[in-house]
């Protein structure tokens, strides 16, 4: 969905999920009487905007707009906590994708047991729990994979922090590298796992079919709402009327679509096209 929205929004400044997250928590959430957004701290907003490191130029429009209100120092690294959140995301995605791929039978336990990090985890479980139920074997092995990745980040980050001699959050921000990292060996092993997932999961035929369908749904909804904005919910129609500019109109439509769950997007698609 994000890739498709970015393609559709290219003439209007593009669509970036980090910038969109910032828009959500500073503007689009509207529950409080005195302000829009969630009234989060500067440090939290900084982490959302640049948890992957300094933001590359050109900045997404949402970051440019908000940065005029509160300077998020987009050219520096984020806090250690934000860096932890970023690498935790990477760990979680890899482990969830291994679980999901196995559950969907896109690949087998024997196949993943050939991978670095994963193979030793299966071997350890087999040596401790001989004859274990296959489901429990898989879970025990993959939770060890998760734990091993976390342990590697902790030990590597501790070494980096010791060498950096950073004594404050400003020291962390002004370094020219992230302090929260995998070891070199772990990165190499993770890349092999990612290559495996790319070939056997992300490029699997049924996954590609689902991706193409999802992309088509997003494109059709975007086109429909841009051409017939009256089909938007009332509060979104009011937002469009108050903005009255192609760029802002497209941004409003993208805001609405990006907030949809997969199921809701499919329901709207069916409402407009399938059930006609």
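We did not get these values from a lab; they are worked out from the coordinates using the rules stated. Quantities reported herein were computed from a predicted structural model and do not represent experimental measurements. Cβ sites come from the backbone with ideal geometry, for glycine too, and all protein chains shown count toward neighbours.
Of all residues in region 153-169, those that are in contact (Cβ under 8 Å) with a residue 60 or more places away in the chain have Cβ atoms under 6 Å from Cβ atoms of residues that are in a helix (DSSP H, G or I) and surrounded by 13 or more Cβ atoms within 10 Å (Cβ to Cβ), 6 or more apart or on another chain, in 153/87.
Looking at region 78-87, is at least one residue within 30 Å of residue 24 (Cα to Cα) and in a loop (DSSP other than H, G, I, E, B)? Among the residues of region 78-87, at least one is within 30 Å of residue 24 (Cα to Cα) and in a loop (DSSP other than H, G, I, E, B), which makes the answer yes.
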